[in-house]
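Below is one structure, written out as structure tokens, with a few remarks after it.
The values are calculated or read from the model by the stated rules, or taken from the named source; none is laboratory data. As the structure is a computational prediction, the values presented were derived from the model and not from experiment. For neighbour counting, all protein chains shown are included, and Cβ atoms are generated from backbone atoms with ideal geometry for every residue, glycine included. Each accessible area value is taken on the protein alone, full model and side chains, heavy atoms only, with ligands, DNA and RNA left out. Shrake-Rupley method; radii C 1.70, N 1.55, O 1.52, S 1.80 Å.
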Amino acid sequence: AATAALKDTEHVRRSKEALWAGLEYPARQLKEMGIPFTPRETNFMVLDMGKDPGDIISYLRKKRVLVRNAHDRWDIKNQFRVSIGTQDELEVFVSTLKEALLIV
């Protein structure tokens, strides 16, 4: 199935468009919140919280928003990774992140 999907150039084009469109919303929101992030060249973003993001990550996870601590993966302090999902998933991530920033 994966080979067939890759050979389907229209499917590949639509998938790429969806990914790049999905990256715009969180990038715009993060800029408004003043949160630096890595350039978007993949299907995920790495946010720099400027402090240990452990409490923020814990809050997000309690709300069923799964992210990864960049320190665990790449030994990068103060940052965490969020994958780009659907528009609905990204809206939940942004609103939950805003809650976390007010609470923790």
Matching option when the condition is in contact with a Phe, Trp or Tyr (Cβ under 8 Å, 6 or more places away or on another chain), open to solvent by 100 Å² or more (accessible area, probe 1.4 Å) and more than 20 Å from L102 (Cβ to Cβ), among R68, R14 | R68
Exactly one of R28, R64 is without any contact (Cβ under 8 Å) to a residue 60 or more places away in the chain and in a helix (DSSP H, G or I), and that residue is R28
So V104, is it surrounded by fewer than 17 Cβ atoms within 10 Å (Cβ to Cβ), touching a residue at least 12 places away in the same chain (Cβ under 8 Å) and out of contact with any Phe, Trp or Tyr (no Cβ under 8 Å at 6 or more places or on another chain) = no
Among (1) in a loop (DSSP other than H, G, I, E, B); (2) farther than 25 Å from A5 by Cβ; (3) not hydrophobic (A, V, I, L, M, F, W, C) - the single one T42 does not satisfy = (2)
Is it true that E99 is of a type outside the set (A, V, I, L, M, F, W, C) and closer than 30 Å to L6 by Cα?
-> no
In the range 75-99, residue least open to solvent (accessible area, probe 1.4 Å) [restricted to those that are free of Cβ contacts under 8 Å to residues at least 40 places away in the same chain and hydrophobic (A, V, I, L, M, F, W, C)] | F80
From the set of residues in the range 33-65 that are of a type in the set (S, T, Y) and under 15 Å from T96 (Cβ atoms), which is most open to solvent (accessible area, probe 1.4 Å)?
-> S58
